[in-house]
Every structure is written in structure tokens, then in C-alpha cells.
Amino acid sequence: MSQSFRITETRSGKSFACSDEQSVLAAMEQQHQRCVPVGCRGGGCGLCKVQVVSGEFDCGRMSSRHVNAIDREQGLVLACRLFPRSDLAIQPAPSGRS
Amino acid sequence: MKKGVMRPGHIQLRVLDMAKALEHYVELLGLIEVDRDDKGRVYLKGWTEVDKFSVVLREADEAGMDFMAFKVLDDATLGRLSEDLVAFGCMVESIPAGELKGCGRRIRFSAPTGHRFELFAEKEQTGKWGIAEINPEAWPRGLKGMKATRFDHALLYGGNLDETLRLFSEVLGFDLAEQVIDPEGKRVAQFLTVGMKAHDVAFILHAEQGKLHHASFFLETWDDVLRAADLISMTDTSIDIGPTRHGLTHGKTIYFFDPSGNRNEVFCGGDYHYPDHPPVTWTADQLGKAIFYHDRELNERFLTVLT
């Protein structure tokens, strides 16, 4: 049984539901929200990098060019590879694409 | 072919997860797995290709292209081109035969766009997949997915287009088949061919060096492109745009992403080029139409999403 969490993008105030089996970016697209830019959806291009402000999450594989170990530790991750384990607050990554 | 470079030979792509990459390139695109090596690399080809392989996948922690290679006439040509590259100012690296299984010695150099290229003269020829060499049938049974016929070209993003054109034309014998010119007369896109195709490799001007825009695979018909689009939906594969037509090259196309974010194209048709043809020119104010002939509007993703 998959759980559903609420994702809130704090800059725009938009929020949407996301299951624990779905990436934050996929859930956003499915619910026709446009608060995170959509690129390759595969962890390769870095366009959808976000700062997780609060909440628990897991991540799939991401290009090290865009997310290094320190980024990952600080919650700077790619929304297409971000899977919620609780409600999340996110915002655009400070520098955009690195 | 006047410098002895014949055609694209192979491309090595970095993928984040090999199992997912093979699900994509073999089951969806329909490339044939032909070999693996002790570095974990997997070798693939389109069914019409005579040489043993044309795509090499390498699992890495970063997506993108390691290098693209062209096949030259023979070993003497390879030796001569190596000297010509050095004379042009390129650093040339020698890679021994067998480093890629079934491939002869390669020479590797960097283009001024920041991309690594290779030349080689010899590769094991295993013939077209699934059909006999003598009295060949039209196509083999048992092809998967999009049934991609061959690796066709790559579009690469980087800087120093003028110097790169000079390298590819003066040293390697490529022709400028198509180009996009901005209002100041600066070339911002160049499509280069070494045969009759509209492009064997293409470059678009970009601030960051050495980026992959897409690796492209050839299909026979517009129906095949439409069927590829159906398969992209059936498999919930990340789509970029299409099916549509390009203004540049006039190819009929669809763009999508592999599971590591590397963009792929499958396409059919398109213009041809003879050595006496002047370059086809598009102006930058018509760039939308040049890229997407029907929408006549660029999507931001096509320009900025790279690996």
C-alpha cells in the first residue's frame, strides 16, 4: 500500500500530492503544476534541482556533475529523483543548475 | 571522403544504471546487444550495421558522452590523419587495438568544442544482424521495439564553432551541409557531413563545453517514427518533443530521453548533400521553424537540457 504525502514549493506556494513510489517531479507534472522546471526526468541534466527545506526523502541515482555528496547531504537534489518519505517543503536550488 | 574519413563508427555513452539503460536501448530502441567487456561496458548495434558495434554503454556516476568515433579508409590513412591532427594543434592520444573489443587501434583528440573524438580504421565485421550475407532477406525477424536501423549522428553543444569547422573540414574532410547564422553573421549551428547524409555530426553554439544534446538513430519511414512515439507512450518513457519535422535537414523526428537523461532521437528522411552543394542556410530569427518546422517555436528544454 503506497503512502501519499504533500509536497509544497515554498517560493510559489503551490502544493501537490506525491506517493512514496513517485518522484516529486512526476507527481508535479501529473497534477499540472509548474513550480519546478522539467528537463530530462532521468537525473542527468540537472535542470530540476531543488532544495529540500524540510521532510524525509530518498533519492535515486543522479549525475554527480549536478549533485555531489555534499549537495545530497544538504538536501540539494533533483526533483526527478526525489521520493518523499514524509510531507516535504522544497524550493528552487539557490544557484539553479550547477 | 576526400581525407579518408568514411562515416560515424561508434559513440560511447555514460549511463547511471546499466540494467535500465539496456531496457531502453535494447528493448525500446531495438538495438542488438553484441558483446560486453571486463570493464562492464555493453556493446550494441543497429541491425543494418555491418561492423560489430556502434554504441558502447558505460555505467558511470555522470550521464553524457565519453567520445564519438569515425571510421577511416585504412591504417595508412589513420597514420596520416594522426599527423595532420597534431599539425593542426590537437593533442592526439593512441589507444591500442582491442581496448574496445573487436576494434583496431584508435587515435583520440579533442575538438575545440570540448568533445572527444576518435578515428579508427579497423573493426570486426559481423555483418547485418539476422540476415544472410548472400541473398539477404529484406529484414530480420525478432527485432524489438523501434527496430532502430543504425546509429546515425550526434548533435553536440559547445563553443569555438569556427575553429571546430576548420578542424573537421581542413583536416578530416567534412563538408558544411547546413548552418544557422545570427544577425551579426556569426554561425551558431553547423551540420557537418562526410558523405551524402545531411549530417554525420552537428554542433550548436553553447556557453558550456563538451555537452551532448542527442544521439540519433535512423528509421525507414514516418510510420516507423509514429510507431516509435506509440512505444514511448506505452513504456512511459520521458519524451522531449515530437513526432514533428525539422526545418534544418527536413528530417521527420521524435526526441526522448534515456533513463539517465541522455537525449535520443529517432528519425527518417531528410535532405542529402553532394560536395558541390553550397551549405543550406537558416537565419537565427527563424530558429523556431528551423528546429521545429510545424510548431515554429522553440521549447526551452531543447536548448538547455543537455548531458
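The values are calculated or read from the model by the stated rules, or taken from the named source; none is laboratory data. Fair warning: this is a prediction, and the values are worked out from it, not measured in the lab. No Cβ is skipped: glycine too gets one built from the backbone with ideal geometry, and neighbour counts run over all protein chains shown. These area figures cover heavy atoms from the full protein model, side chains too; ligands, DNA and RNA do not enter into them. Shrake-Rupley method; radii C 1.70, N 1.55, O 1.52, S 1.80 Å.
Would you confirm whether any residue within region A:37-46 is open to solvent by 40 Å² or more (accessible area, probe 1.4 Å), within 27 Å of residue B:21 (Cβ to Cβ) and in a loop (DSSP other than H, G, I, E, B)? Scanning region A:37-46 turns up at least one residue that is open to solvent by 40 Å² or more (accessible area, probe 1.4 Å), within 27 Å of residue B:21 (Cβ to Cβ) and in a loop (DSSP other than H, G, I, E, B).
Entry remark, region B:123-152: residues being open to solvent by 70 Å² or more (accessible area, probe 1.4 Å) and in contact with a helix residue (DSSP H, G or I) (Cβ under 9 Å, 6 or more places away or on another chain) number 2 in total. For residues that are among the hydroxyl-bearing types (Ser, Thr, Tyr) and within 16 Å of residue B:66 (Cα to Cα), scanning just region B:81-127, find the one that is farthest from the chain's Cα centre (by Cα). Among those residues, the one meeting the criterion is B:94. Taking the criterion of being open to solvent by 10 Å² or more (accessible area, probe 1.4 Å) and not in a loop (DSSP other than H, G, I, E, B), the residues of region B:29-42 that qualify are B:32, B:33, B:34, B:35, B:36.
For region A:1-21, the candidate set comprises residues that are within 20 Å of residue A:51 (Cβ to Cβ) and in a loop (DSSP other than H, G, I, E, B); within that set, the residue that is most open to solvent (accessible area, probe 1.4 Å) is A:11.
Cβ-Cβ distances below 7 Å connect the following pairs, each with a first residue in region A:67-88 that is on the phi < 0 side of the Ramachandran plot, a second residue that is open to solvent by 80 Å² or more (accessible area, probe 1.4 Å), and a separation of six or more residues or different chains: A:81/A:61; A:85/A:56; A:86/A:56; A:87/A:6.
Identify all residues within region B:284-307 that are part of a loop (DSSP other than H, G, I, E, B) and more than 11 Å from chain A (Cβ to nearest Cβ); write none if there are none. Hits for region B:284-307 are B:292, B:293, B:294, B:295, B:296, B:297, B:298. Of the conditions (1) closer than 22 Å to residue B:15 by Cβ; (2) open to solvent by 10 Å² or more (accessible area, probe 1.4 Å), residue A:73 clears all except one; give me its number. Checking residue A:73 against (1) closer than 22 Å to residue B:15 by Cβ; (2) open to solvent by 10 Å² or more (accessible area, probe 1.4 Å), the one that fails is (1). Note on region B:215-261: residues that are open to solvent by 50 Å² or more (accessible area, probe 1.4 Å), in a strand (DSSP E or B) and among the β-branched types (Val, Ile, Thr) total 1.
Identification of strands (runs of 3 or more DSSP E) wholly contained in region B:60-111 with 2 or more residues that are assigned by the TED database to the domain that holds residue B:158 and open to solvent by 10 Å² or more (accessible area, probe 1.4 Å) yields no element. Checking every residue in region B:43-55 against the condition of being aliphatic (A, V, I, L, M) and either surrounded by fewer than 17 Cβ atoms within 10 Å (Cβ to Cβ) or touching a Pro at 6+ places or on another chain (Cβ under 9 Å) (or both) gives at least one match. Would you check which residues across region B:271-307 are within 19 Å of the chain's Cα centre (by Cα) and open to solvent by 70 Å² or more (accessible area, probe 1.4 Å) and list them? Answer for region B:271-307, where residues must be within 19 Å of the chain's Cα centre (by Cα) and open to solvent by 70 Å² or more (accessible area, probe 1.4 Å): just B:272.
On the given criteria, is residue B:267 at pLDDT 95 or above and open to solvent by less than 10 Å² (accessible area, probe 1.4 Å)? Answer is no for this residue.
Inside region A:18-70, can you point out the residues that are more than 14 Å from chain B (Cβ to nearest Cβ) and of a type outside the set (A, V, I, L, M, F, W, C)? Scanning region A:18-70 gives A:19, A:20, A:31, A:32, A:33, A:51, A:54, A:55, A:56, A:58.
Among residues of region A:55-85 being assigned to a loop (DSSP other than H, G, I, E, B) and of a type in the set (Lys, Arg), the one that is nearest to residue B:20 (Cα to Cα) is A:61.
In a residue-by-residue description of region B:49-70, the property of being more than 14 Å from chain A (Cβ to nearest Cβ), farther than 27 Å from residue B:209 by Cα, of a type outside the set (S, T, N, Q) and without any contact (Cβ under 8 Å) to a residue 60 or more places away in the chain applies to no position. Taking residue B:166, is it farther than 25 Å from residue B:270 by Cβ and part of a strand (DSSP E or B)? Taking the combined requirement at face value, the residue does not satisfy it.
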